[in-house]
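One structure is given below, encoded as structure tokens.
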2 protein chains.
Amino acid sequence: MIEPVEQITDKSLRRHFGYSLKRAYARVHTAITEELNQLGLKVISYSALSMIVENPGLKQSQLAEALMIERSNLVVIIDDLENKNLIYRAQLPSDRRAYALIPTDEGKALAVRAGDAVADAEAAVFGHFDPALIEQLRPAFDRIWSR
Amino acid sequence: MIEPVEQITDKSLRRHFGYSLKRAYARVHTAITEELNQLGLKVISYSALSMIVENPGLKQSQLAEALMIERSNLVVIIDDLENKNLIYRAQLPSDRRAYALIPTDEGKALAVRAGDAVADAEAAVFGHFDPALIEQLRPAFDRIWSR
DNA sequence: TATTGTTATACTCTATAACTATA
DNA sequence: TATAGTTATAGAGTATAACAATA
């Protein structure tokens with residue numbers, strides 16, 4: 001006889017730390033997406049803008065590699081940032097195949113505002129974490145993907 | 001004069017803990033996906049199978065809510081598990097609109113094997129973490145999405 | 001020959017609306 | 001009226017192949 005199940009448990013999945021990680025990241029991602037959306041940016045275009053402001057003159061292929069996305073998928077992201085007058089493609093005299101990506105003053109200003117908005121959103125999500133724990137975790141997590 | 005950029009940095013993005021989290025999760029996800037792929041499962045179908053084994057008889061709508069996915073997207077996942085003879089849809093006498101999801105013996109066995117494979121993959125990725133730190137992090141991360 | 005940016009395309013994931021059969 | 005499962009579909013995100021211009 002098959003009975004309805006009243007209370008659902010997920011003990012077998014909670015065994016996996018990646019499960020906690022995934023759901024935690026989903027919350028951070030949602031919070032950040034909402035903040036950036038108000039500034040007309042997506043997470044990926046914010047990342048691209050930040051990298052261009054920090055590394056003015058880098059090429060699209062360099063940016064794609066740094067962001068771990070395909071060159072082909074970066075094109076529309078750069079198009080969008082350029083259409084919003086946040087960056088522009090400049091000719092590289094040393095290599096006429098490539099573009100040097102340069103931030104505008106508007107792009108620099110928005111990168112600062114967006115960076116603070118993201119930091120605020122993260123602070124709200126991780127507010128109950130001990131700041132010392134965060135600083136302990138940062139290098140530990142970074143080691144995971146840097147090897 | 002525009003010069004090529006030699007060394008790319010990402011200091012402005014590393015400021016954000018979510019950035020570390022995202023990349024760390026990407027690595028775990030890749031490792032888990034590769035393991036599960038060898039068992040003919042995706043991450044989402046493994047999650048569904050595990051939940052059905054742990055909660056035999058639950059309805060699709062209950063499972064969709066637990067996994068935080070849409071009912072409509074669960075259909076093909078359940079179809080796949082059923083085609084592989086890992087679970088089956090049984091009629092619920094108490095509600096003829098709904099199906100009770102029941103694991104087969106094969107499904108129960110695969111859930112155990114897959115669970116161990118996922119645990120092994122995670123251990124490889126988080127191997128350099130102090131086990132005590134993991135246990136400290138688990139409830140902290142879980143609190144993020146349980147509120 | 002190889003690389004850069006680009007276009008086209010396909011595949012996955014996810015979200016929404018609408019339908020049927022039941023409640 | 002509302003709910004469970006289903007179908008169709010549209011929108012993101014992502015990966016691959018091929019091309020023109022240049023190295």
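The values are calculated or read from the model by the stated rules, or taken from the named source; none is laboratory data. Predicted, not measured: the structure shown is a model, and the values here were computed from it. Neighbour counts are summed over all protein chains in view; Cβ atoms, including those assigned to glycine, are modelled from backbone coordinates with ideal geometry.
So for segment B:63-83 (the condition being touching a residue at least 60 places away in the same chain (Cβ under 8 Å), away from every other protein chain (no Cβ under 11 Å), surrounded by fewer than 17 Cβ atoms within 10 Å (Cβ to Cβ) and not hydroxyl-bearing (Ser, Thr, Tyr)), does at least one residue qualify? No: segment B:63-83 contains no residue that is touching a residue at least 60 places away in the same chain (Cβ under 8 Å), away from every other protein chain (no Cβ under 11 Å), surrounded by fewer than 17 Cβ atoms within 10 Å (Cβ to Cβ) and not hydroxyl-bearing (Ser, Thr, Tyr). Taking segment A:61-99 as the range and being closer than 16 Å to residue B:5 by Cβ, more than 8 Å from DNA strand C (Cβ to nearest atom), modelled with pLDDT of 95 or more and out of contact with any Pro (no Cβ under 6 Å at 6 or more places or on another chain) as the test, the residues that pass are A:65, A:66, A:67, A:88, A:90. Residue pairs whose Cβ atoms lie under 8 Å apart, separated by 6 or more positions or on different chains, with the first residue in segment A:120-133 and under 13 Å from residue B:144 (Cβ atoms) and the second loosely packed, with under 12 Cβ neighbours inside 10 Å, are A:121/A:34. Note on segment A:1-57: residues that are under 22 Å from residue A:124 (Cβ atoms) and among the acidic types (Asp, Glu) amount to 2. For segment B:33-60, a residue qualifies if it is of a type in the set (A, V, I, L, M) and either under 14 Å from residue B:81 (Cα atoms) or within 12 Å of DNA strand C (Cβ to nearest atom) (or both), and the qualifying residues are B:36, B:39, B:41, B:43, B:44, B:48, B:49, B:51, B:52, B:53. Taken as a whole, the condition of being more than 27 Å from residue B:137 (Cα to Cα) and crowded, with 20+ Cβ neighbours inside 10 Å does not apply to residue A:32. Within segment B:96-113, one or more residues are at the interface with another protein chain (Cβ under 9 Å from one of its Cβ atoms) and away from DNA strand D (no atom under 16 Å from the Cβ).
For residue A:52, indicate whether it is away from chain B (no Cβ under 11 Å) and either more than 12 Å from DNA strand D (Cβ to nearest atom) or under 20 Å from residue B:1 (Cα atoms) (or both). The answer is no for residue A:52. Looking across segment A:1-55 at every residue that is assigned to a helix (DSSP H, G or I) and basic (Lys, Arg), the one that is farthest from the chain's Cα centre (by Cα) is identified as A:11. Only a single criterion out of (1) closer than 29 Å to residue B:68 by Cα; (2) exposed (fewer than 13 other Cβ atoms within 10 Å of the Cβ) is not satisfied by residue A:106, namely (1). Among the conditions (1) more than 11 Å from chain B (Cβ to nearest Cβ); (2) buried (at least 18 other Cβ atoms within 10 Å of the Cβ), the only one that residue A:21 does not satisfy is (1).
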